[in-house]
Structure formats: structure tokens, C-alpha cells
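Here the structure is laid out as C-alpha cells; the discussion comes afterwards.
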Amino acid sequence: MRLLMLVLMGFLVTSPSVAGPFGLQMGQSLADLRKHSEVTAGERQHIYSMKKAPVSHPDFPELDLIVTPSHGLCKIAAWTGNIKTSAYGTELQTVFTRVQGALSAKYGKAEKTYDFLRVGSIWKEPQDWMMGLLKKERIIGTFWISESEVLPDNLKLIHLDVKALSTDTGEIGLIYEFTNANECLRERDAKKDAAL
């Protein structure tokens with residue numbers, strides 16, 4: 001009866017499961033991640049691929065994860081499939097802008113956004129946009145960085161960028177680092193270096 005009264009009065013607060021990017025949480029163990037999706041080991045230690053995230057996004061069909069035994073999940077990397085585009089990169093820029101807007105709506109204004117062509121590049125005309133990107137002379141991306149305050153979902157960094165795979169195809173990359181990333185990467189490197 002008391003429980004019913006508390007619910008009716010609005011005093012009972014249930015703790016919903018906290019879900020971060022793609023429905024994943026900082027520190028999740030490999031066993032827990034495998035309950036939600038097929039997770040396979042990559043070629044490098046503590047790197048895994050997830051075929052379908054608990055909360056999927058159509059632009060990012062597959063994820064790479066860094067998960068260590070002591071610290072669990074600490075980093076998520078996602079890429080779009082190949083995006084066909086013009087020499088101007090219009091279609092690629094459209095997807096980038098849309099994803100950037102969605103991230104800004106959730107995490108606030110980005111700390112740093114860049115879109116520049118390296119000094120001396122010959123790929124400076126609008127129709128050279130993809131060639132400049134392919135030659136790594138055009139750089140475009142956005143960072144959300146937590147210097148003093150932690151970003152929502154226990155994140156310390158979000159990085160969104162654009163890569164050219166050819167002059168008419170590119171992809172968008174999205175990286176999330178949780179606040180446990182440094183410890184996680186130290187654990188991974190210590191195990192790797194123990195072989196020396």
C-alpha cells in the first residue's frame with residue numbers, strides 16, 4: 001500500500017538504465033556486450049567488432065570497440081558505409097553536417113571544428129574538394145572535448161571526421177572515448193609490451 005501511495009504521489013523514482021552512444025556504457029564487460037550482439041575479436045589485442053549495436057543508427061552499421069579485462073569498454077569507433085559523392089564532396093558534406101548537428105543537439109556545441117586546405121595545396125578549386133581530401137591536404141572534422149567537465153554519458157572526447165576513399169567515395173568516422181580511456185589504453189599497452 002505504501003509503495004502504491006509513493007508511486008501515485010510521484011515520489012518513487014526508478015533508475016532507468018543509462019545508455020550512452022549506440023546504447024553502450026562505459027566499463028561494460030565483453031561478456032555483457034556479447035549479450036546484446038555478436039562481438040568478434042579483431043586482429044589486435046582488446047579490439048572487437050560489434051555487428052549491431054543495442055541502439056543502432058542507420059549511418060553507422062558496425063562498431064569497433066576497445067574493451068579490456070580490468071576497465072571494460074573505453075572506446076567506440078564507427079564508420080559509415082561508403083558514401084558515393086561528386087568531385088565537390090556534396091553528398092559527403094551533407095551527411096557530415098547532419099551527424100554533426102545531431103551530436104551538437106545531444107552534447108552541446110563542439111569545442112573545435114576545422115575545415116582547411118594545407119598551405120601550398122594545388123587542390124583549391126571547389127571541384128577539387130574530394131581530391132584534396134584524398135591526398136590528405138584537406139582536413140575536416142569536429143571535436144567535443146571534456147577539459148574540466150565530463151560530457152554526458154561519461155565521455156571525455158567525441159571526434160567526427162571525413163575521409164576520402166577515392167575521388168568519388170568517402171566515409172564519415174565517429175570516435176567516442178569514455179573517461180576510463182587512459183587507464184584502458186595503459187592496460188592494453190602494458191600487456192602488449194610484456195612480450196618484449
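The values are calculated or read from the model by the stated rules, or taken from the named source; none is laboratory data. Bear in mind the structure is a predicted one, so any value in this text is a computation, not a measurement. Glycine also receives a Cβ, built like all others from the backbone with ideal geometry; neighbour counts cover every protein chain displayed. We work out accessible area using only protein heavy atoms, side chains counted, and drop any ligands, DNA or RNA first. Shrake-Rupley method; radii C 1.70, N 1.55, O 1.52, S 1.80 Å.
Conditions (1) closer than 17 Å to residue 78 by Cβ; (2) not in a helix (DSSP H, G or I), marked per residue:
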residue: 143; (1), (2): yes, yes
residue: 149; (1), (2): no, yes
residue: 158; (1), (2): yes, yes
residue: 173; (1), (2): yes, yes
residue: 176; (1), (2): yes, yes
residue: 182; (1), (2): no, no
residue: 190; (1), (2): no, no
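Test of understanding: among 109, 135, 163, which residue is on the phi < 0 side of the Ramachandran plot, free of Cβ contacts under 8 Å to residues at least 12 places away in the same chain and open to solvent by 80 Å² or more (accessible area, probe 1.4 Å)?
After applying the criteria, what remains is 109.
Filter region 1-28 for residues that are at pLDDT 50 or above and in a helix (DSSP H, G or I) and give the result.
Pass one, region 1-28, residues at pLDDT 50 or above: 19-28.
Matches in region 1-28: 21, 22, 23.
Do you know which residues across region 34-76 are among the polar types (S, T, N, Q), touching a residue at least 24 places away in the same chain (Cβ under 8 Å) and closer than 12 Å to residue 23 by Cα?
56
So, residue 102, is that one surrounded by fewer than 17 Cβ atoms within 10 Å (Cβ to Cβ) and assigned to a helix (DSSP H, G or I) or not?
Answer is yes for this residue.
Take region 29-43 and flag every residue that is in a helix (DSSP H, G or I), surrounded by 12 or more Cβ atoms within 10 Å (Cβ to Cβ) and modelled with pLDDT of 90 or more.
30, 32, 33, 34
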